[in-house]
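Before any comments, here is the structure.
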Amino acid sequence: MKLYKREKYLSRIRPFYDAEDLIKVITGVRRCGKSSIMQMIYEELFNAGVPESNLIYIDLDKRGYRNIKTDQQLENLIDSNTPESGTVYLFIDEIQNVENFEPLLNGYRNEGRFSIFITGSNSYLLSGELVTKLTGRYIEFEIYTLTFDEYEGMKHFYNKEVNPNSIIELTNYILEGGFPRAVLFDTLELKREYTRNVVNEIFKKDIRYRNRIKNKDTVVRRIICSRKIRLFACHSF
């Protein structure tokens, strides 16, 4: 499927496409579009003339790669796909699935011919481990759910109905939650069901586990209250 280009992020990352001394770290909550943005970067480099042999894309959540759990296994996979000459653009999706990946990536970075892009779970990448182990050797790009203009742009791109009444359209955007995949569903019921499942997954895997939260209801109430305050503030100006 053709991807909707999120230019606001691509324009920030493009100047670093060839920065071999910096690992490009793409972070963000689950299902916000990190993997899609990395695929867009891959496509842009390919369309710009980079040989496919010099583009290595590894999605560690996909069948065929899910057994890659150690740094040695990942190193063997990368080495077996690395061409003899030219800059190698290395993309690794869901890097937290591999133990002790930081020294390995830093080793490739030190070789001076690898431009490295990674995505991963916020519960790992934003928890302090990466900052400690790759200090000064990476640049982070945090991705968010769709802004309102991206939401409308994506609907136009995929030929989804856009309500001419901007207030109704804004209300739909708020109710749907801004996750890119939700735009592709045709009914509000399906969109909200999808969003509800994503939010539950974020809470269970990234928030509750990382922070050892025991009282889920209290946290959920605080999040809802905080969201209502922000929405009230937005409508007050």
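Every read-out reported here was derived from the displayed coordinates using simple, explicitly stated rules and does not represent laboratory data. As the structure is a computational prediction, the values presented were derived from the model and not from experiment. When we count neighbours, we look across all protein chains shown, and the Cβ atoms used for this are built from the backbone with ideal geometry, even at glycine.
General observations
- Among (1) part of a helix (DSSP H, G or I); (2) among the polar types (S, T, N, Q); (3) in contact with a helix residue (DSSP H, G or I) (Cβ under 6 Å, 6 or more places away or on another chain) - the single one Asn163 does not satisfy: (1)
- Selection count where residues are touching a strand residue (DSSP E or B) at 6+ places or on another chain (Cβ under 7 Å), closer than 23 Å to Pro83 by Cα and charged (D, E, K, R), scope region 21-71: 3
- Residues that are in contact (Cβ under 8 Å) with a residue 24 or more places away in the chain, more than 30 Å from Glu102 (Cα to Cα) and outside any loop (DSSP other than H, G, I, E, B) within region 133-160 comprise Phe148, Glu150, Tyr151, Gly153, Met154, Lys155, Phe157, listed in sequence order.
- Among the residues of region 45-62, not one is of a type in the set (Lys, Arg) and on the phi > 0 side of the Ramachandran plot.
- Scope region 7-27; condition part of a loop (DSSP other than H, G, I, E, B), touching a Ser or Thr at 6+ places or on another chain (Cβ under 8 Å) and not hydrophobic (A, V, I, L, M, F, W, C); matching residues: Tyr17, Asp18, Glu20
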